[in-house]
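First up is the structure itself, then whatever we jot down about it.
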Amino acid sequence: MTDQAPRPEGDIPGKPTAASRTTLSHIMTGNDTNLLGTVHGGVIMKLVDDAAGAVAGRHSGGPAVTASMDEMVFLEPVRVGDLVHVRAQVNWTGRSSMEVGVRVMAERWNESTPAQQVGSAYLVFAAVDADGKPRPVPPVIPETERDKRRYQEAQIRRTHRLARRRAIRELREKRAAEGIED
Ligand SMILES: CC(C)(COP(=O)(O)OP(=O)(O)OC[C@H]1O[C@@H](n2cnc3c(N)ncnc32)[C@H](O)[C@@H]1OP(=O)(O)O)[C@@H](O)C(=O)NCCC(=O)NCCS
């Protein structure tokens, strides 16, 4: 079973996935390294959040904040000199939230090989108004078969996120009701 958030009052015209898809590219420098001399995971996470935020702002036509980041995967180390491409797109939209999928690719500075995937992540952004309150977003329209698959997978993740949050909240309420302190 998947969860589909109710559509906002008043129809907001949909936008195709391709309308906000974005790639940000950066050359990694010596300032980006960890103690092993490869690029720090936190540097990559910042790039991921930046690219996803740009896409969420584009899609929703205004400010959007990161609500969650999950399934951040690092597949291969990134090195100083590598040209990193961070590709992001809106996979799914709810009422005020958007799931953004991000793929991180690296072109090795010393190899003439195609860019290699080095990471990926899924983030949820909430579009907010001037008071920081959630505001409705246009529904995303997946066009290609790949976009449709990503939309369906994002719905599954959404269902699991909500179920997990609900289960944890219920457990905490139950423990509190039993007078258990931790
Ligand atoms: C994200 C935020 C706007 C949500 O506000 P809220 O009052 O909880 O509002 P809601 O419960 O209506 O949530 C709004 C939407 O975000 C989704 N959402 C909220 N928290 C979420 C989470 N942890 N994971 C996934 N989705 C989440 C809700 O499901 C809802 O989606 P929908 O409208 O499509 O159904 C609020 O918690 C916030 O401002 N957080 C800080 C964001 C921030 O500063 N980010 C930068 C980090 S430094």
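Every read-out reported here was derived from the displayed coordinates using simple, explicitly stated rules and does not represent laboratory data. Fair warning: this is a prediction, and the values are worked out from it, not measured in the lab. All Cβ positions, even for glycine, are placed from backbone atoms using ideal geometry, and neighbour counts span all protein chains on display.
General observations
- As a ratio to 2.2 N^0.38 Å, the alpha-carbon radius of gyration computed for the stretch 15-177 takes the value 1.15.
- For the chain, the tally of Lys pairs with Cα-Cα distances below 27 Å comes to 4, considering only residues 8 or more apart or on different chains.
- Highest-fluctuation residue, Ala56, Ala115, Ala167 considered, GNM on the chain with Cα pairs under 10 Å: Ala167
- C-alpha center-to-center spacing [the stretch 42-100, the stretch 133-163] in angstrom: 15 Å
- 3J(HN,Hα) along the stretch 70-84: 9, 6, 6, 10, 10, 8, 9, x, 9, 10, 4, x, 5, 9, 9 Hz, from the Karplus curve 6.51 cos²θ - 1.76 cosθ + 1.60 with θ = phi - 60°, whole Hz, x for Gly and Pro.
- Between 0 and 90°, nearest 10: helix 41-60 axis offset from the chain longest Cα axis: 60 degrees
- Cα lying deepest toward the dipole's positive end in the stretch 15-177, options Ser60, Gln89, Ile168, charges on Cβ: Ile168
- For the chain, modelled as a GNM whose springs connect Cα atoms under 10 angstrom apart, the maximal fluctuation among Pro138, Pro16, Pro77 occurs at Pro77.
- Between 0 and 90 degrees, the angle of helix 145-177 with respect to the longest Cα principal axis of the chain falls at about 60 degrees.
- Computed log₁₀ I(q)/I(0) - Debye formula, equal Cα scatterers, no solvent, the stretch 83-127, q 0.32 Å⁻¹: -1.05
- Length-normalised contact order for the chain - Cα pairs under 8 Å, 6+ apart - percent: 27 percent
- Most fluctuating residue given options Leu162, Leu47, Leu171, as computed from a GNM of the chain linking Cα atoms under 10 Å: Leu171
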